[in-house]
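Asker: One structure, pasted below without further comment.
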Amino acid sequence: MGMKLDGVTDISLIELIADAHADAIKELYDRYHRLVFSVAFAILGDPATSEEVTLDVFVRVWQRARTYRAERARVSTWLVAITRHHAIDVLRRQNSHPDLKNLHLDDVLLHNESPASDPEASAEVSLQQARVRDAVAQLPAEQRQALALAYFSGYTQQEIAEVLKQPLGTIKTRIRLAMQKLRQTLADENQPSDKSENT
């Protein structure tokens, strides 16, 4: 006899998982396996390996649920962090580089599926995703690429310079400018709009 968990918050699910409720990990998996897979795939570029990483992530959640701290991050953010670290470890063990053409920072950031149990939070996340998508789309292609390698593939700036065959100073500048532009664009988006004109 399984528990009814579709209306339970993410935080409560983690608490149930910490108390070894198997139904809770199934519910968390249903809510977030697409997000976890998409982050893993963005880093690894291989569906089979990404599927393995996805399963590993939920095994880790089962084992480490007691380490989750709600005041530090949302459950979805925590899952993305676990996925990213694990996938980068796998990538480094394979000693392979992802296909640079497949690294789309904006796509990966925005595959977060919000649990239907909280429509208000879901609407807020969707709005934020749209803002991030627009901000990333405004970056020049070379800045998007450098940011994707740094964030999703865990490359150092030196490694990015080698992969892209560019001077280290150029890569540092690209990443710095990309972060500045993202911050500025998102800050502008959050300002109350006194202007009625749209250009």
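Asker: Based on the Cβ-Cβ distance from ARG66 to GLN166, what FRET efficiency comes out when R0 is 45 Å, to the nearest 0.05?
Answerer: Details: r = 44 Å, r/R0 = 0.98.
Rounded to the nearest 0.05, the efficiency is 0.55.
Asker: How high is the FRET efficiency from TYR29 to LEU177, r the C-beta distance, R0 25 Å, rounded to 0.05?
Answerer: Working: r = 39 Å, r/R0 = 1.55.
It comes out at approximately 0.05.
Asker: Kindly report, to the nearest 10 Å², the accessible surface of PHE37 as traced by a 1.4 Å probe over protein heavy atoms only.
Answerer: Here the residue's solvent-accessible area equals roughly 60 Å².
Asker: Another question about this same structure. Would you list LEU13, LEU55 from the most to the least accessible area, probe 1.4 Å? Working shown, then result.
Answerer: On the way: LEU13 0, LEU55 90 Å².
Listed by decreasing accessible area, they come as LEU55, LEU13.
Asker: Same structure, new question: Which of the three applies to segment 1-52, rounded, prolate or oblate, going by the alpha-carbon gyration tensor with a ≥ b ≥ c and a/c under 1.5 meaning rounded? Write down the numbers at each step before the final one.
Answerer: Working: a/c = 2.80, a/b = 2.56, b/c = 1.09.
The shape class here is prolate.
Asker: Suppose R0 equals 25 Å; then what is the FRET efficiency for GLN158 and THR77 from their Cβ-Cβ distance, rounded to the nearest 0.05?
Answerer: Numbers: r = 28 Å, r/R0 = 1.12.
The formula returns an efficiency of 0.35 here.
Asker: If you count only protein heavy atoms and use a 1.4 Å probe, how large is the accessible surface of GLU162, to the nearest 10 Å²?
Answerer: Accessible surface of GLU162 is approximately 110 Å².
Asker: Now, a different point. Can you compute the modelled spin-label distance between ASP19 and GLN94, with each label point 7 Å from Cα toward Cβ, in nm?
Answerer: Between ASP19 and GLN94, the label points sit 4.0 nm apart.
The values are calculated or read from the model by the stated rules, or taken from the named source; none is laboratory data. Because the structure is predicted, anything quoted here is derived from the model rather than measured. So basically every Cβ, Gly included, is an ideal-geometry build from the backbone, and we count neighbours across all protein chains shown. Side chains included, ligands, DNA and RNA excluded: accessible areas come from the protein's heavy atoms. Shrake-Rupley method; radii C 1.70, N 1.55, O 1.52, S 1.80 Å.
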